[in-house]
Amino acid sequence: MDVLTLSRIQFGATIAFHYIYPPLSIGLGVMLVIMEGLWLKTKKPIYHQMARFWTKVFALTFAIGVATGIVMEFEFGTNWATYSRFVGDVFGSALAAEGIFAFFLESGFLAVLLFGWDKVGHKMHFFSTCMVCLGAHFSAVWIVVANSWMQTPAGYKIVTHNGIPRAEITDFWQLVFNPSMVDRLSHVVVGAWSTGAFLVVSVSAWYLLKKKHMEFASASLKVGLTVALIASLLQAVTGHTSAQGVGKNQPAKLAAFEGLYETTSNAPLTIVGWVDEKNEKVDGIQMRGLLSFLDHNDFHTPVTGLDAFAPEDRPPVEASFLFFHGMVAIGFSLIAISALGFLYFRHGSLHERRWLLWILVFSVLGPEIANQLGWFAAEVGRQPWIVYGLMRTPEGLSKIVKANIVLTSLILFTFIYFLLFAVFIYLLNDKIQHGPHDEDLIPSGKLALPDELTHHKKS
């Protein structure tokens, strides 16, 4: 393989592996805020036990996420030096903002979240939990800002120094609120909520199947299923608005998502199908007019097809189609799973339906796979552009990197990623097998107090 293909595989593999963890951190952060908030409000000891158990899982996820994210910054300079020079002014601002407003906030309060249960007041600890959750969300904001600018550039001008063009910021807030940013951010964040919620659901369902920690499992499942159902429904809403934004700002990408080769009014939406690239058509089950309605809120408005673009400006159609439809199929499946689980839980009969509990155990894979497919669809659908309409992907490649060097580093990175993933699974399984600690239960009606306050009260 040539250096371009290897570099794209390497960067794609790096981000795909890293992207396992940030959605978990964001989603678990929300779950921790809810659980600890319920403990403070109701004073029920089970919520304190839940918050402490899931804090340990959050810490593991956060640590692996940080370790796997560092590599990407180096790859910008090694494999994609020309691209880095072109977007340095833009990405420098966004990534600096992430460091200041997100990472420092999240990591600064993380120590209090992890080790402050018996050392600070319960309100201060809850505040720290909220700040860690907020920091995780801020991190998503600035990363999505940077990536969305690649999809829909705004607030910039092109300047040339020594014959080398680069984008410079002319309006920072136009850069931040570029045309696709809000839609994409809402879709990413809600997907992260779903990821964290389904992890809680999965572990809780496992405990019910094994008849272990029954009270803990039932309480966790109640919170997890509630958040999972809300997030899954919101994901459909944000997905719809995001797709409309794609149709407006990147019509070639939407056409590739649906395999729409000809500009068509009353455009069909493919429910199940596959792309015949040779004959430029889609075979499968289609609903006439539905794509026009979803894109324009009208059944008869034309939807731009791939025929409006030169062949060299079209994304890979089959891959874009499969990634997009795979994501959508999983999204609707998660709505059905969470709704069914929530309904049986409310009726008090979920523990009797082992088949559904097993589905809930494996449901944790759904949001993770959907997140990956959604990212693949967004990035493949942007091709052949690395910055949409401004720089093609081959143009961003480093000029001196050789294929054999990239291949060697790709093999080494892949080996290390497998080791890290094995460590993550081992430690996560260890925490799940040990389960919640009984000492994390606080007597009903009492709140945890720091040791100093306890001693003062006794004296």
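A short reminder: the numbers here are calculations on the coordinates, not readings from a lab. Here the structure is a predicted model, which is why all the values come from computation and not from measurement. Ideal geometry is used to build each Cβ from the backbone, glycine not excepted, and the neighbour counts take in all protein chains shown.
Some observations on this one:
- Helix 81-97 and the long axis of the chain differ in direction by around 30°, with both axes built from C-alpha atoms.
- For segment 355-397: rounded, prolate or oblate by the Cα gyration tensor [a/c cutoff 1.5]: prolate
- Backbone phi angles across segment 200-215, fed through the Karplus curve with coefficients 6.51, -1.76 and 1.60 (θ = phi - 60°), yield HN-Hα couplings of 4, 4, 4, 5, 5, 5, 4, 4, 5, 4, 8, 6, 10, 6, 4, 5 Hz in residue order; Gly and Pro are listed as x.
- Fewest-first ranking of 352, 368, using other Cβ atoms within 10 Å as the exposure measure: 352, 368
- Protection-proxy order for peptides 298-306, 159-167, each taking the mean of Cβ atoms within 10 Å per residue, highest first: 298-306, 159-167
- The residues 44, 399, 253, when put in order of fewest to most other Cβ atoms within 10 Å, stand as 399, 44, 253.
- Partners for residue 278 among lysines (Cα-Cα distance below 21 Å; same-chain residues under 8 apart left out): 253
- In summary, the aspartates and glutamates within cross-link reach of residue 210, defined as a Cα separation below 16 angstrom excluding same-chain residues under 8 places away, comprise 352, 430.
- Straight-distance candidates among the lysines for linking to residue 41, with alpha-carbon spacing under 30 Å and chain neighbours fewer than 8 residues away dropped: 56, 119, 123, 211, 212, 222, 431, 446, 457, 458.
- Taking GluC sites (Glu not before Pro) across segment 229-301, the ones in a DSSP loop with at most 16 further Cβ atoms lying within 10 angstrom of their Cβ are 262, 277, 280.
- Between segment 341-362 and segment 252-285, the Cα center-to-center distance that results, in Å: 38
- Maximal additional length on extending the residue 173-residue 403 stretch stands at 78.9 nm, based on 0.36 nm per residue less the C-alpha distance.
- Ascending count of other beta-carbon atoms within 10 Å, so fewest first, for 134, 225, 110: 134, 110, 225
- In the chain, helical runs assigned H by DSSP with n ≥ 4 each contribute -39500 (n - 2.57); averaged across all residues and rounded to the nearest 500, the mean residue ellipticity at 222 nm is -23500 deg cm²/dmol.
- This model, with +1 at the C-beta of Lys and Arg and -1 at the C-beta of Asp and Glu, gives segment 190-324 a dipole about its Cα centre of some 960 debye.
- Size of segment 182-389 as Cα extents on the principal axes (Å, biggest first): 61, 33, 29
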